[in-house]
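Encoded as structure tokens, the structure appears first; notes follow it.
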Amino acid sequence: MTLRLESVTKRFGSFTAVDQLSLEIPEKQIFGFLGANGAGKTTTFRMILGLLDQTEGSISWNGDSIGYDQSHLVGYLPEERGLYPKMKVRDQLVYLAKLRGMDKAGALKELDSWLDRFKVPDYKLKKVEELSKGNQQKIQFISAVLHKPKLLILDEPFSGLDPVNVEMLKRAVVELKEAGTSIVFSSHRMEHVEELCENLCILHHGKPVVHGDLKEIKRSFGRKNIRVKAD
Ligand code: ATP
């Protein structure tokens, strides 16, 4: 299964947020999206997910668009956290997993193993709003992966986490890749991308300014020149 973007452009009125972006992400690969605030990363993810229509170009996954009928195959961790704060953690995750095609027993089994692994305390009794921000983020990650998606889209998954939790999430991301998932994630930080990704794209004002195999990019540019500029 390959995610393919061909000459994708998104305009909001006269403003171009994403400009002629082309890329391919095969299965078992982690693709990194780097860019400063406003570079167009979230807009790209929303187009991939079908939440926004592109103005030009085409997006396909396994030769098809990601519509309602494929949504159970996709996991998404949005940048703005999307959990219901007043709902209990366990009820919420099981509810979301069922919407994505899992049965309750299967969802609970998966959930227990993720919560145990991520060391989220007292989840059975607590509402989401009662957890720390870091634990809420881990819950959001679990929500994106519980139903075992084939394509996983992570919008700044490591922001706001302490180094121990960043490592925990990174290990999980690598294991999911090894199990066959295609993963794309965004970050402001080159070191996350260097550690995890085979391929990357740096967006600057919506344009892909550097794009391709990480090792080759490092060979041709050198480490210093692939920093993400604020402007
Ligand atoms: P960040 O790292 O801050 O999340 P980003 O790379 O994800 O940034 P986007 O959220 O994709 O950036 O935004 C790209 C640009 O498109 C920004 O200038 C933003 O203001 C603009 N933009 C995004 N959504 C809309 C919208 N619905 N209407 C108008 N402009 C928009």
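The values are calculated or read from the model by the stated rules, or taken from the named source; none is laboratory data. Since the model is a prediction, treat every value here as computed from it, not as a measurement. In this analysis, Cβ positions are derived from the backbone assuming ideal geometry, glycine residues included, and neighbour counts consider all displayed protein chains.
At-a-glance table
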{"quantity": "Scan of segment 143-157 for residues that are in a loop (DSSP other than H, G, I, E, B) and surrounded by fewer than 23 Cβ atoms within 10 Å (Cβ to Cβ), ordered by number", "calculated": "Leu146, His147, Lys148, Pro149, Lys150, Glu156"}
{"quantity": "Selection count, segment 170-193, where residues are within 16 Å of the ligand (Cβ to nearest atom), in a helix (DSSP H, G or I) and surrounded by fewer than 20 Cβ atoms within 10 Å (Cβ to Cβ)", "calculated": "1"}
{"quantity": "Test: residue in segment 28-49 that is near the ligand (Cβ under 10 Å from one of its atoms), surrounded by fewer than 16 Cβ atoms within 10 Å (Cβ to Cβ) and at pLDDT 95 or above", "calculated": "no"}
{"quantity": "Residues of segment 7-19 classified as loosely packed, with under 15 Cβ neighbours inside 10 Å and touching a Ser or Thr at 6+ places or on another chain (Cβ under 6 Å), total", "calculated": "2"}
{"quantity": "Residue satisfying all of: in segment 50-74; away from the ligand (no atom under 16 Å from the Cβ) and part of a strand (DSSP E or B); farthest from Met190 (Cα to Cα) among these", "calculated": "Asp64"}
{"quantity": "Given (1) under 27 Å from Pro85 (Cα atoms); (2) at pLDDT 95 or above, number of the condition Phe158 does not satisfy", "calculated": "(2)"}
{"quantity": "Selection count where residues are in contact (Cβ under 8 Å) with a residue 24 or more places away in the chain and either farther than 27 Å from Phe45 by Cα or basic (Lys, Arg) (or both), scope segment 65-118", "calculated": "6"}
{"quantity": "Within segment 2-27, considering residues that are on the phi > 0 side of the Ramachandran plot and touching a strand residue (DSSP E or B) at 6+ places or on another chain (Cβ under 7 Å), the one nearest to the ligand (Cβ to nearest atom)", "calculated": "Gln20"}
{"quantity": "Some residue of segment 2-16 being touching a residue at least 60 places away in the same chain (Cβ under 8 Å) and aliphatic (A, V, I, L, M)", "calculated": "yes"}
{"quantity": "Complete set of residues in segment 91-128 that are surrounded by 13 or more Cβ atoms within 10 Å (Cβ to Cβ) and aliphatic (A, V, I, L, M)", "calculated": "Leu93, Val94, Leu96, Ala97, Met102, Ala107, Leu108, Leu111, Leu115, Val120, Val128"}
